[in-house]
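S.K.: Dumping the structure here so I can ask a few things about it.
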Amino acid sequence: MTIPTYLPSDNPHVAPAKVPFRHHLQVQTRFTDIDMLGHINNNVYLSFMDLAKLDYFTTISNGRLSIKDIRMVVVHIDCDFAAPSYFGEQLQVWTTIVHVGERSVTLEQRVVNEATGQTKCVGRTVMAGFDPATASGAPIDTAWLEAASAYEQRPL
């Protein structure tokens with residue numbers, strides 16, 4: 001488990017984290033991720049965050065994640081871009097849970113340059129509880145929430 005961090009940023013436009021981040025995933029930049037100016041395309045950050053979200057869920061479940069275990073669906077995503085990323089930068093996506101309601105969970109993810117600590121963007125994803133048997137909304141699974149609380153080492 002990673003030592004928790006609040007991911008300080010040198011960018012005044014990036015708000016300080018309100019809860020610590022414990023999970024991170026190093027992501028690989030592909031040739032097709034780069035635009036003509038050498039920047040990583042903004043759409044790619046969402047793909048990076050999606051990979052990290054799945055890794056976060058796998059970590060919470062101690063590596064025993066099944067697609068049936070994810071009884072939530074994405075209902076909202078937003079992302080604030082703070083600085084460009086370029087080909088060759090070593091990037092990490094940090095993930096944590098910032099809010100839990102009866103029927104939804106909000107994740108915060110930050111893409112950070114591993115060497116400099118510079119925050120490239122901050123994304124938030126709201127996931128709603130979902131029952132695939134009835135194809136309708138449902139409360140957040142308590143077993144999942146307990147596992148997430150244990151991983152985060154704080155009540156959620």
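Only the coordinates and a few stated rules stand behind these numbers; no lab work does. Just so it is clear, the structure is predicted and the values come from calculations on it, not from any experiment. Cβ coordinates were reconstructed from backbone atoms using ideal geometry, including for glycine residues, and neighbour counts include every protein chain displayed.
S.K.: Where the only charges are on Cβ atoms (+1 Lys, Arg; -1 Asp, Glu), what is the dipole of the chain about its Cα centre, to the nearest 20 debye?
M.R.: Here the size comes out at about 220 debye.
S.K.: Bin by bin, in steps of 5 Å, what percent of the Cα pairs in the stretch 15-81 do you find, going until the bin that has the longest distance?
M.R.: 3, 12, 19, 21, 20, 14, 8, 2, 0
S.K.: Express in % the proportion of alpha carbon pairs of the stretch 81-156 at distances exceeding 21 Å.
M.R.: Working: 1215 of 2850 pairs.
The answer is 43 percent, as a whole percent.
S.K.: Find the centroid of the Cα atoms in the stretch 135-151 and in the stretch 20-88, then give the distance between the two in whole Å.
M.R.: 21 Å
S.K.: Less than 19 Å apart at the alpha-carbon level, and either on another chain or at least 8 residues along: which aspartates and glutamates does that give for Lys68?
M.R.: Excluding near neighbours in sequence, the set is Asp50, Asp55, Asp131, Asp141, Glu146.
S.K.: Let me ask something else. Helix-only mean residue ellipticity at 222 nm, the chain, DSSP H runs n ≥ 4 weighted -39,500 (n - 2.57), per residue, nearest 500. What is it?
M.R.: Numbers: 2 runs with 30 residues, N = 156.
Per the formula, -6500 deg cm²/dmol.
S.K.: Just grab the label-to-label distance for Met36 and Thr58, each label 7 Å out from Cα along the Cβ direction, in nm (one decimal).
M.R.: 3.7 nm
S.K.: Mind checking the full-extension length gain between Thr134 and Val100? Use 0.36 nm per residue of separation minus the Cα-Cα distance, one decimal, nm.
M.R.: Details: separation 34, 0.36 × 34 = 12.24 nm, distance 2.25 nm.
Full extension from Thr134 to Val100 adds 10.0 nm.
S.K.: If you build a Gaussian network model of the chain, linking Cα atoms that sit under 10 Å apart, which residue out of Ser104, Ser47, Ser85 swings the most?
M.R.: Between Ser104, Ser47, Ser85, it is Ser47 that shows the largest mean-square fluctuation.
S.K.: Determine by what factor the alpha-carbon radius of gyration of the stretch 1-144 differs from 2.2 N^0.38 Å, reporting the quotient.
M.R.: Relative to the 2.2 N^0.38 Å estimate, the stretch 1-144 comes out at 1.09.
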